[in-house]
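Student: Structure below; questions to follow.
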């Protein structure tokens, strides 16, 4: 029996592609669903709508797992492309929402490349945060993504301020290491 | 991704949007919907929906391809009566088609792309239609031709979009860097 939690993303996709392994897919889903869901909510601006598109994105993962080629880059970039395109397709289906909902934009064109790169970076960073142990991830999310002060975090988590500071520092270093590894992959 | 030092990382984190929790009600249906999807190797795979900019290599490839122009008018285009603007699509071999832009309906206007004699995209490939509007390449929709080489794509565009150009690419989901233009509109689409 595989310990799926220890398998790499590429291994999980290989199991999905070759064996149609549902457990491997569930593990992959659990690793990436928050990042994909967050991306979809930002891209579409509608949590309810994002629900459907997240489903579509992961159906594409299941369907096209065999197209992933490790030598061409990390899983994160491959998944980001699938998720983003699921979002674009959904936006197109909603009758030109991409223009109608943004009347202040002079240009109805799709996301400029630099903005896309920024979104990809945000997606990668989200993915890396998800790879932190729960106690470190919690600190990072509260401190930076939710904008809480360290005193507020200490109160929220019922731990000494010094512990919050120490854990925050350790989490940052760990996250930096994960980011570096992700970049090298 | 280039600066692993904590201070640079902190600055990036401060601009990062929150990670949102997936609604619990979404988890099981998502997994079930995916695994219930037919094996693409065993069935006719619908075209994936993707969008991406085309490459210069694709332009070169299409320039080398023999183009066969087919003139299609509004009145002769079955089912497209009432469309205000129409352009022909030409491509390699016998591939041909039309792009018809219909009368506005409020904030949107219909666009129908009809294609014939286009080989179904093989393997993990698919077709995607693109428009150039206001200096930007806008992806339309991904599609595939049926076994008879036909496809009809319906798109809804913002009213009075300034269409400048239209083309169709063949792309591979496993190789996002590659893209080949297989058809393009002739003459140029332009808003009246």
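Student: Determine Rg/Rh for the range A:7-106; Rg is computed over alpha-carbon atoms and Rh is the Kirkwood hydrodynamic estimate from the same atoms. Intermediate values should be presented prior to the final figure.
Tutor: Values: Rg = 14.8 Å, Rh = 14.2 Å.
Value, to two decimals: 1.04.
Student: Once every DSSP H run of n ≥ 4 in chain A is given -39500 (n - 2.57) and the sum is divided by its residues, what mean residue ellipticity at 222 nm do you get, rounded to the nearest 500 deg cm²/dmol?
Tutor: On the way: 9 runs with 132 residues, N = 185.
-23000 deg cm²/dmol, from helical runs alone.
Student: Sticking with this structure for a sec: So for chain A, considering every pair of alpha-carbon atoms, how many percent are separated by more than 28 Å? Write down the numbers at each step before the final one.
Tutor: Values: 5897 of 17020 pairs.
Pairs farther apart than 28 Å: 35 percent.
Student: Consider all pairwise Cα distances in the range A:1-57 and report the whole-number % of them above 13 Å.
Tutor: Details: 980 of 1596 pairs.
Beyond 13 Å sits 61 percent of the P(r) for the range A:1-57.
Student: For A:8, B:179, what ranking results if the residue with the fewest other Cβ atoms within 10 Å of its Cβ goes first?
Tutor: Numbers: A:8 11, B:179 22.
Exposure proxy ranking, most exposed first: A:8, B:179.
Student: Evaluate E = 1/(1 + (r/R0)^6) for residue B:178 and residue A:169, where r is the Cβ-Cβ distance and R0 equals 45 Å; express this FRET efficiency to the nearest 0.05.
Tutor: Working: r = 44 Å, r/R0 = 0.99.
The calculated FRET efficiency here is 0.50.
Student: Counting other C-beta atoms within 10 Å, which of B:131, A:29 has the fewest, and how do the rest follow? Display every interim value, and only then the final one.
Tutor: Values: B:131 24, A:29 20.
Neighbour counts put them in this order, fewest first: A:29, B:131.
Student: Order by neighbour count: A:26, A:118, fewest other Cβ atoms within 10 Å first, most last. List each step's numbers first, then the result.
Tutor: Details: A:26 20, A:118 13.
Arranged by neighbour count, lowest to highest, A:26, A:118 become A:118, A:26.
Student: I'd like the mean, over residues of A:58-68, of how many other protein chain beta carbons sit within 10 Å of each residue's own Cβ. List each step's numbers first, then the result.
Tutor: On the way: counts 7, 7, 6, 2, 9, 9, 7, 2, 6, 9, 2.
The mean count of partner-chain Cβ atoms within 10 Å per residue comes to 6.
Student: Quick one, what does Rg over Rh come out to for the range A:121-185 if you take C-alpha atoms and the Kirkwood Rh?
Tutor: Numbers: Rg = 12.0 Å, Rh = 12.0 Å.
Over the Cα atoms of the range A:121-185, Rg/Rh equals 1.00.
Read-outs throughout are calculated quantities, based only on the coordinates presented, and are distinct from any laboratory measurement. This one's a predicted model, so the numbers in the text were calculated from it and none came from an experiment. Positions of Cβ are backbone-derived with ideal geometry, glycine not excepted, and every protein chain shown enters the neighbour counts.
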